[in-house]
Amino acid sequence: MSKRSHHHLTELGCIACEDLTEFGAGKEGWLAPDAGTTVLCALDVHSLAIANRSVVLILGWSDSDKPRVKIRPELSPIEAERITAIEWLVFDDIKVIAIGTSRGFLLMYSLRGDLIHRQMVYHGQIIKLRVRGTKKDLMQDISSEDVCVVMPGVIARFDGSDIRSMLQRWFQETHSRFWDEKSNKDLEDDGNSDNRLPYQIWNVNKYGSCVDAAITGIMPPPLMELQSSQRYYCAVTIGDDAVISAFRLSEDRKRSLVGVILSKVMPVTFSTIASFSKMIWRSEPTPTSKPEEKLQSFARASSLTCLKDYPRKGEKLTLSPSGTLAAITDSLGRILLLDTQALVVVRIWKGYRDANCFFMEMLVNRDDKRASSSYHVPGKSDYCLCLAIHAPRKGIIEVWQMRTGPRVLAIQCAKGCRLLQPTYRFGSLSDSPYVPLEVFLLNGDSGQLSVLNRFLN
């Protein structure tokens, strides 16, 4: 499909198809974040995943002839389990879809719909799956790539290298079984792996249950532990009780009293409720299930700061590529720009209720000789970090230059639109042509997918 440009937007393709009716397509504003039935979306290059409570649809927007895949995870009807988060996991030669459920399970599926991995993270709903990474460069002497699992009051971290190794083994074994003429059903059964991925988990419930959180990156150890060989991470959480909270996360599993209580009492309580539910449903034949997975104990999480400003409540959080800035929306229609290293709010926007934000990179100043040369390929240093703000109540997308720069762009958009951003790609080669951080606009009513132009005239 040819690309069409409308000044600040370039149309890339269309996702409209009959399969979307199961997700509410055809109803006005079905894709809007404030719609009655929340539809989850995850974008990658040439692929889009859309999910409701029980189904994930994978479709391509650049090739309408490419077959679409529906994934129906095996969810527990007794506990009313549902899909609560989705995200792409993209490596150099591997791409899978990750699914989080309301019972705390992390699932990974191939693009054919085969179950690759299933693992309990912790009892409770997975709110968000975050994929991020920082490469080693002049500013960052340590590289870190991870998948962050966010739950109410709990945050977990899976290392990207561990996930890559597990996926490579699975695809190699699958390829071998294909030549051994093993059936697809056997592949699916074997995909429900007993090999647990190692991970770290922390209780960040000190200031109340969080509605969103993120690990912003690696931080220095405390003053008394400068010689420590373990890594420390900084985590930012937002919630109803505390608009912003920050924690230092340690790899040490020496637990606090609260951690001991939660790790001991919560599984017993959850198991009791599940057993009682099964007694009520005992007239129904139930398949034999595997024994309940043993949960991992909490590592240490030390509080760094907290901002309480009743009745303001934190709603959404998004990170810059380096993790040094975070944009936080709250219930009063404000957007807070947080410096995650100094833990200071450096900018505030007002009048943006129900806003959705993403960081992006644009060529703001193009009047130099290099930019005017047709032979110059823009590098990372040519781009400027900006924040794209989608204000659905105003029907507008604004782009602001970071940190204290002006508004550089304003675009009118339809009511049923949603702002999307492709997931981070693990292990991207540093010597390859630089690909700037882009933001896409999906019109739910027309099915049209467009990208915000990175050039400003």
- Item | Every residue from the stretch 215-233 that is at pLDDT below 95, closer than 20 Å to Leu325 by Cβ and hydrophobic (A, V, I, L, M, F, W, C) | Ile218, Met219
- Being modelled with pLDDT under 90, surrounded by fewer than 19 Cβ atoms within 10 Å (Cβ to Cβ) and assigned to a loop (DSSP other than H, G, I, E, B) narrows it down to one of Ser2, Ser76, Ser54, so name that one. Ser2
- Do we find that Asp252 is of a type in the set (D, E, K, R) and either modelled with pLDDT under 85 or outside any loop (DSSP other than H, G, I, E, B) (or both) in this structure? yes
- When you look at Asp194, is it surrounded by fewer than 16 Cβ atoms within 10 Å (Cβ to Cβ), modelled with pLDDT under 95 and in contact with a helix residue (DSSP H, G or I) (Cβ under 9 Å, 6 or more places away or on another chain), yes or no? no
- May I ask you to list the residues in the stretch 339-360 that are on the phi < 0 side of the Ramachandran plot, more than 19 Å from the chain's Cα centre (by Cα) and either in a strand (DSSP E or B) or in contact (Cβ under 8 Å) with a residue 12 or more places away in the chain (or both)? Asp339, Gln341, Val344, Val345, Val346, Arg347, Ile348, Trp349, Lys350, Tyr352, Arg353
- Out of the stretch 96-106, which residues are open to solvent by less than 10 Å² (accessible area, probe 1.4 Å) and not in a loop (DSSP other than H, G, I, E, B)? Val96, Ile97, Ala98, Ile99, Gly100, Thr101, Leu106
- Message: Restricting to the stretch 107-135, name every residue that is open to solvent by less than 20 Å² (accessible area, probe 1.4 Å) and among the basic types (Lys, Arg).
- Response: none
- Can you name the residue in the stretch 336-377 that is among the small types (Gly, Ala, Ser) and surrounded by fewer than 12 Cβ atoms within 10 Å (Cβ to Cβ) and, of all such residues, is modelled with the highest pLDDT? Ala342
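The values are calculated or read from the model by the stated rules, or taken from the named source; none is laboratory data. Keep in mind that what you see is a predicted model, and the values were worked out from it rather than measured. So basically every Cβ, Gly included, is an ideal-geometry build from the backbone, and we count neighbours across all protein chains shown. These accessible areas exclude ligands, DNA and RNA; they are computed on the full protein's heavy atoms, side chains included. Shrake-Rupley method; radii C 1.70, N 1.55, O 1.52, S 1.80 Å.
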